[in-house]
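So the structure is just underneath, and the comments pick up after that.
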Amino acid sequence: MRTQVGIVGAGPAGLLLSHLLHLQGVESVVLEARSRDYVEQRVRAGVLEQNTVDLLRQAGVGDRMDREGLVHHGIELRFGGRGHRIAMTELTGGRSITVYGQQEVVKDLIRARLDVGGQLEFEAGAVSLHGLDGDTPTIRYRHGAEDGELVCDVVAGCDGFHGVARGAVPDGVLTVYERQYPFAWLGILAEVAPSTEELIYCSHDRGFALHSMRSPKLTRLYLQVAPDEAIDGWPDERIWAELRTRFATDDGFTLADGPVVDKGITPMRSFVVEPMRHGRLFLAGDAAHIVPPTGAKGMNLAVNDVRVLAEALAAWYRSGSTELLDGYSATCLRRVWRSQHFSWWMTSMLHRFPDDDGFQRRLQLSQLAYTTTSEAAARSLAENYVGLAQV
Ligand code: APR
Ligand code: PHB
């Protein structure tokens, strides 16, 4: 097979890149290791920042998001048994976030590609990349029992943190920046109406908890747990009891429970490789960087990377100029590092660290009190949370 841009991975990064390239008249093939059903059902993040919403709309894939997504104008920070609202929209000159599951974005993008005959190969896992230093890089992949080869002008590594693309870069080229956190998130999806209209980020002496949602009938909840925690140790009743304890308020907040339809534990890390390019290979999304989910930035960063990459590739095909492609990594990394800092800051302020003593806890509570009472501090949180227009 031959194409212009060979894309490894059909997550939000790979699918949106393929769609944006199509809008610019550039051809691509997407290779995805998993089945269509798997990628459409996988429960992941759910917060779209304003930039992401605007881009999906402009690209013509925002209709269902506009119908079914929940537009939020604030979030709550809960600590010391009380809630404190951050009025995001008021503080940011009218910007907001939209709660819409990542797998819904993925479904919309798959539909949009297939509607115009886009080439998406499911159950086609890339095995190795070759010729990244030359003009015709190739992707070797395995589709069912058959081996295939995709010859391209450029390869986009959109295959997530555990993919093959990053590993295809020769040793010594990439610098890795990394932070591991001494905790994980246990997440559940429950068939019950959310107990709150806006997301609640809760800092409790027993650890962090987050109340999110997917629809008026589906609630998404997270608990900070130990990093090596086994899901078997958390029967549903234990999860609900812990959630009730952490979310409790002095004025009697009640958390409604319901059947748990999805349950999993996610490790937390911060990770960046620089540069996000080697020769004709461009890394995008989780393949190049991971943020802890506290800032809700993962999918939004993936979307920004491919926005920059699609524009740069389109300019190159149109004019032969490599200027935008040469700036790809540095342009993306500016936003990546802003989001890294924000996600690390939110994580540090809201979680219990095993080594923390009373001094550290009081610093956290003071920072939370300041963030929720100073307009300047609240605005800083809000503008990062809804996504800075320019970085
Ligand atoms: N060949 C083909 N596909 C692969 C391979 C491979 N060797 N390895 C991994 N993949 C696929 C995965 O199955 C997955 O569908 O690449 C896709 C990567 O998608 P994501 O992990 O969703 O990554 P990305 O598109 O960068 O989106 C980032 O995902 O983890 C969340 O919080 C993160 O919201 C952020 C988003
Ligand atoms: C989610 O709804 O899955 C979600 C929301 C906010 C976060 C992380 C995850 O910060």
ask   = Taking amide H positions as placed 1.01 Å from N in the peptide plane, with prolines and chain starts having none, which residues 5 or more places from Val154, or on another chain, fall under 5 Å of its amide H?
value = Gly6
key: log₁₀ of I(q)/I(0) at q = 0.15 Å⁻¹ - the chain, Debye sum with one point per alpha carbon   = -1.38
note = Any residue on another chain or 5+ positions along whose placed amide H is under 5 Å from the amide H of Ile97 is listed here as His72
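Quick one: order Val53, Val261, Val8 by neighbouring beta-carbon count within 10 Å, fewest to most.
Fewest-to-most ranking of Val53, Val261, Val8: Val261, Val53, Val8.
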ask   = For region 21-121, what is Rg from Cα atoms divided by 2.2 N^0.38 Å, rounded to two decimals?
value = 1.34
note = Among Ser18, Phe122, Leu324, the residue whose Cα sits farthest towards the positive end of the charge dipole of the chain (+1 at Cβ of Lys and Arg, -1 at Cβ of Asp and Glu, taken about the Cα centre) is Leu324
remark   = Length gained if Phe353 through Arg42 is fully extended, taking 0.36 nm per residue and subtracting the Cα-Cα distance, is 109.0 nm
query = Which values of log₁₀ I(q)/I(0), to two decimal places, follow from the Debye formula for region 282-390 at q = 0.12, 0.15, 0.16 Å⁻¹ with a uniform point scatterer at every Cα?
reply = -0.53, -0.73, -0.79
Part-to-part distance (alpha-carbon centres) for region 166-219 and region 285-361, which is given in Å = 16 Å
inquiry  = Explain nothing, just compute: Karplus ³J(HN,Hα) = 6.51 cos²θ - 1.76 cosθ + 1.60, θ = phi - 60°, for every residue of region 216-223 in order, whole Hz, x for Gly and Pro.
reply    = x, 10, 10, 10, 10, 10, 9, 10
key: Cα-centred dipole magnitude for region 1-89, charges only on beta-carbon of K, R (+1) and D, E (-1), debye, nearest 20   = 300 debye
query = Between Leu132, Leu350, Ser215, whose Cα lies farthest towards the positive end of the dipole of the chain when Lys and Arg beta carbons carry +1 and Asp and Glu beta carbons carry -1, centred on the Cα centre?
reply = Leu350
message = Could you work out [θ]222 nm for the chain from helices alone, using -39500 (n - 2.57) per DSSP H run of at least four and dividing by all its residues? Round to the nearest 500 deg cm²/dmol.
response = -11500 deg cm²/dmol
task = For region 115-188, just the Cα atoms, rotate onto the principal axes and tell me the three extents in Å, largest first.
result = 42, 37, 27
message = 7 Å from Cα along Cα→Cβ at both Ser366 and Ser35: what's the point-to-point distance in nm?
response = 5.6 nm
query = Stretch Ser380-Asp171 to full length: gain in nm at 0.36 nm per residue minus the Cα-Cα span?
reply = 71.4 nm
ask   = Share of Cα-Cα pairs in region 192-335 beyond 24 Å, in percent?
value = 49 percent
query = Out of residues 5 or more away from Val391 or on other chains, whose amide H comes under 5 Å of its own, with H placed 1.01 Å from N in the peptide plane?
reply = none
request  = Only Lys, Arg, Asp and Glu count, each charged at its Cβ (+1, +1, -1, -1), so figure out the dipole size of the chain about its Cα centre, rounded to 20 debye.
outcome  = 560 debye
query = Could you give the length gained on full extension between Arg111 and Arg57, defined as 0.36 nm per residue of separation minus the Cα-Cα distance, in nm?
reply = 17.9 nm
key: Share, in percent, of DSSP beta bridges within the chain that are antiparallel, nearest 5   = 75 percent
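Each value in this text was obtained by applying a stated rule to the coordinates, not by laboratory testing. Just so you know, these numbers come straight off a predicted model, no measurement behind them. Note that we place each Cβ from the backbone using ideal geometry, even for glycine, and neighbour counts take in every protein chain shown.
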